[in-house]
Amino acid sequence: MALFFKPSEPAATPLLSVRATAPAAVPSALHFEPPSVRELRAQSVHRAQVGLGGLAAMLLLVGLANIIMDRARLSDAGTVTTNASRVPSGKPSANGDPMADIGVAPDMPSSPTAANSRAAPVVVVQPSR
């Protein structure tokens, strides 16, 4: 609090002073000096730079979000089309494997054919019922 008060009495002069001097002008904390034209211009340029930087950041953020949403939409559209062709209309598959019907597991034939007899043997694991 000692820094923010304005002294009401001038400072006492020392006893051994030869001549009387006027008290020196002491700048106080309450003294206000208006900013110069150069400082005002610098402040306004800084505000403009910060504002334009914020607008650019928001523009980049919205653009990035738009790109992400477009890619997700394309990915979902491709996935739905691919999976929709694999899902049967309501009848069960010939081998009775519902996981193969929805495309999670590969569709394995229940009996080997002549074309598959030359290929490597296929191991089919069926769940116990």
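Before moving on, here are some points about what is shown:
- Being surrounded by fewer than 10 Cβ atoms within 10 Å (Cβ to Cβ) and either at pLDDT 60 or above or of a type in the set (Asp, Glu) (or both) holds for only one residue in 9, 39, and it is 9.
- Of the set (1) modelled with pLDDT under 95; (2) surrounded by 10 or more Cβ atoms within 10 Å (Cβ to Cβ); (3) not basic (Lys, Arg), all apply to residue 115 but (2).
A quick yes/no check of all residues on (1) within 30 Å of residue 105 (Cβ to Cβ); (2) at pLDDT below 95; (3) surrounded by 10 or more Cβ atoms within 10 Å (Cβ to Cβ):
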{"site": "43", "(1), (2), (3)": "no, no, yes"}
{"site": "52", "(1), (2), (3)": "no, no, yes"}
{"site": "59", "(1), (2), (3)": "no, no, yes"}
{"site": "78", "(1), (2), (3)": "yes, yes, yes"}
{"site": "86", "(1), (2), (3)": "yes, yes, yes"}
{"site": "91", "(1), (2), (3)": "yes, yes, no"}
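The values are calculated or read from the model by the stated rules, or taken from the named source; none is laboratory data. What you see is a predicted model; the values in this text were computed from it and never measured. When we count neighbours, we look across all protein chains shown, and the Cβ atoms used for this are built from the backbone with ideal geometry, even at glycine.
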